[in-house]
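Here is the structure we will look at, set down as structure tokens.
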Amino acid sequence: MDTNDLIAHSRSRFDHAAAKRTLKEKYQGKLVFAYSGGMFKATPEFITFLKSCSTNIDIIVLDLYENPIRINVPELTRLTWDRYQEQMTAWLKEYDELNKNR
């Protein structure tokens, strides 16, 4: 490989890594949503926590800003799962497109 090829290759690798970081930041922000006066983030850990509380209808949890919020467990579980799947699907679609252009 000549020098220009090496520079082009390293530049494309750097651009790809930066694009991946940008995608992650974009979709991490879209996982945050409001519910019952609080702010929550749809994560696998939060979904697991909610599913472990499924026997209780209403419980009090801390939101992202550590405010106690009364929630309806089945409703918030459904909303959190839907948000998570929606954003992960969109993220995967953009990530696959990014890899194709690489």
Based on this model, can you work out whether Ser12 counts as at pLDDT below 90 and more than 20 Å from the chain's Cα centre (by Cα)?
yes
Filter region 65-77 for residues that are exposed (fewer than 11 other Cβ atoms within 10 Å of the Cβ) and of a type outside the set (D, E, K, R); the one that is nearest to Val32 (Cα to Cα) is Tyr65
Residue check, Glu45 farther than 21 Å from Glu86 by Cβ, at pLDDT 85 or above, out of contact with any strand residue (DSSP E or B) (no Cβ under 8 Å at 6 or more places or on another chain) and of a type in the set (D, E, K, R)
no
Considering only region 78-98, I want to know if a residue exists there that is surrounded by 11 or more Cβ atoms within 10 Å (Cβ to Cβ), of a type in the set (Ser, Thr, Tyr), at pLDDT below 95 and assigned to a helix (DSSP H, G or I).
yes
Hits in region 35-50 (condition: exposed (fewer than 13 other Cβ atoms within 10 Å of the Cβ), within 18 Å of the chain's Cα centre (by Cα) and touching a residue at least 12 places away in the same chain (Cβ under 8 Å))
Pro44
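Can you tell me how many residues within region 53-77 are among the charged types (D, E, K, R) and modelled with pLDDT under 95?
Adding up the residues that qualify gives 1.
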May I ask you to list the residues in region 52-77 that are over 22 Å from Lys30 (Cβ atoms) and part of a helix (DSSP H, G or I)?
Ser52, Val73, Pro74
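The values are calculated or read from the model by the stated rules, or taken from the named source; none is laboratory data. None of the values given here were measured: they were computed from a predicted structure. For neighbour counting, all protein chains shown are included, and Cβ atoms are generated from backbone atoms with ideal geometry for every residue, glycine included.
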